[in-house]
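Every number in this text was worked out from the coordinates using simple rules, so none of it is lab data. Note that the structure is predicted; figures quoted are calculated from it, not measured. Heads up, the Cβs are rebuilt from the backbone with ideal geometry, glycines too, and the neighbour counts pull from every protein chain shown.
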Amino acid sequence: MIASGIKRGTAELAVLSVLESGPLHGYEIARHIEQQTRGSLRFTLAALYPMLYRLEKLKLVQGSWESSPNGRRRRCYRLTATGKKKLVPLRKEWSQLFVALRQLAGGSNA
Amino acid sequence: MPDWRGLVRQRLTGIQLKEHEAAEVIEELADHLEDAYRSFLRKGLLEEECVQEVLREVSSWRDLRAEIESSRKREPAMNKRVSQFWFPAFLTLFLSQVALMLIQEFGPRDYLFAGGEPPTHASPERRVCRVACYSPSDRCARRISFRPRGRTRQVHIRRSHIPGTSVFGFGPDWLAASVNI
C-alpha cells in the first residue's frame, strides 16, 4: 500500500484517469482505482469526496444526479472538456517524475 | 441494514453548506457507505464486522466536515485583501473626491469672508465643510472594510489604514490652502 502523502499527490491523476473511460459514481471511482492499481491505491470516502468536490469546483469534472435502472438515484461524475485537456499534461508531468525517481532509485542501488 | 443516512447526517451536523447542498452531500456519502457495506456482506463478513469495516472509511468526521466545507464553498469574487482594504480605500478616495467637487460647486461662497474680492485661498467655511465630509466618508469605508468577516486583529489593522486614504483625498487641497494662509 502506498503512503497517504504520496497518494494525495497522485489522487487528481487517478480520478481523472478512471473517469476518462466514462461517467462513474463515487464508490465506483474508488473501486476502479483499487482494481486498476491492484490494490496499491485505495481511496477511502474521506479522501475521495473532498477531492471530487474540489475537482468539480475547478470544472475538471461534472457531477449530476442520475437514476439507475433499479430506480436508485446516484450522483455520477464525468470528465469535462477542461478535465480532458488537463489530463494530458498531468500524465506527462507524472511520467517524468516516475522516470526521474526510477533513475534516482537505480542510481542509489548501483 | 444500518441507517447510513441517519449516521452521516448525525456525524455532519452543523456543516456550513446551504440546506440543499448539505442534503446532497449526506445522500451521496450515505450511498457510498451503503455500497461499501453491501460489498463487505458479499465477501462473507458478518453484519457487525461489515459496519466496523465501513466506519473505517472515515477516521475523523470533524476533519471530513471541514474539508467538504472548504472544497464546496464558492470562492468569493474579491479576496480578503481586496474586500477589506483596497476596495474600501478606493471607495473612500472616490467619495472624498466627490465630496470635494460638491463643496466646490454647492459649498459656501468664499466672498462671505473675502468681502467680494476673488478668493486667493480656501475660505474657513470650505475647510469646515471638508472636515465635516471627512468623517462620513471615513465611517462609510470603515463599515465596508469591517463587513467581510476576517480575524478581528486583521480587520482592526485594516480599519486603522482606511482613514489614511480619505486624508489622501482631502490632503493635497487642505495642504495647498494651509500654505496660502
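Hey, got the average number of other protein chain Cβ atoms within 10 angstrom for residues in B:66-74?
Details: counts 1, 7, 5, 2, 4, 9, 6, 2, 1.
Whole-number average of other-chain Cβ neighbours for B:66-74 is 4.
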Among A:Gly83, A:Gly26, A:Gly71, the residue with the largest mean-square fluctuation in a Gaussian network model of chain A built from Cα contacts under 10 Å is A:Gly71
Mean per-residue count of partner chain Cβ within 10 Å for A:46-59 equals 5
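Test of understanding: ordering B:Thr13, A:Thr82, A:Thr44, B:Thr92 by Cβ neighbours within 10 Å, fewest first, what list do you get?
Working: B:Thr13 10, A:Thr82 13, A:Thr44 16, B:Thr92 27.
By the 10 Å Cβ count, ascending: B:Thr13, A:Thr82, A:Thr44, B:Thr92.
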Residues other than B:Ala23 with Cβ under 14 Å of its Cβ, Lys/Arg counted +1 and Asp/Glu -1, net out at 0
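Using the structure shown, select from A:Lys57/A:Lys92; A:Lys84/B:Lys18; A:Lys92/B:Lys73; A:Lys57/A:Lys86; A:Lys59/A:Lys84; A:Lys59/B:Lys80 the pairs with a Cα to Cα distance greater than 21 angstrom. The partial results should precede the final answer.
Working: A:Lys57/A:Lys92 23 Å; A:Lys84/B:Lys18 30 Å; A:Lys92/B:Lys73 30 Å; A:Lys57/A:Lys86 14 Å; A:Lys59/A:Lys84 11 Å; A:Lys59/B:Lys80 23 Å.
Beyond 21 Å: A:Lys57/A:Lys92; A:Lys84/B:Lys18; A:Lys92/B:Lys73; A:Lys59/B:Lys80.
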Amide H neighbours of B:Leu45 at under 5 Å, excluding residues fewer than 5 places away on the same chain, with H built from the backbone geometry, are none
Using alpha carbon centers only, segment B:1-56 is separated from segment A:59-100 by a whole-angstrom value of 23
Partner shielding of B:24-32, taken as the mean number of other chain Cβ atoms within 10 Å, equals 5
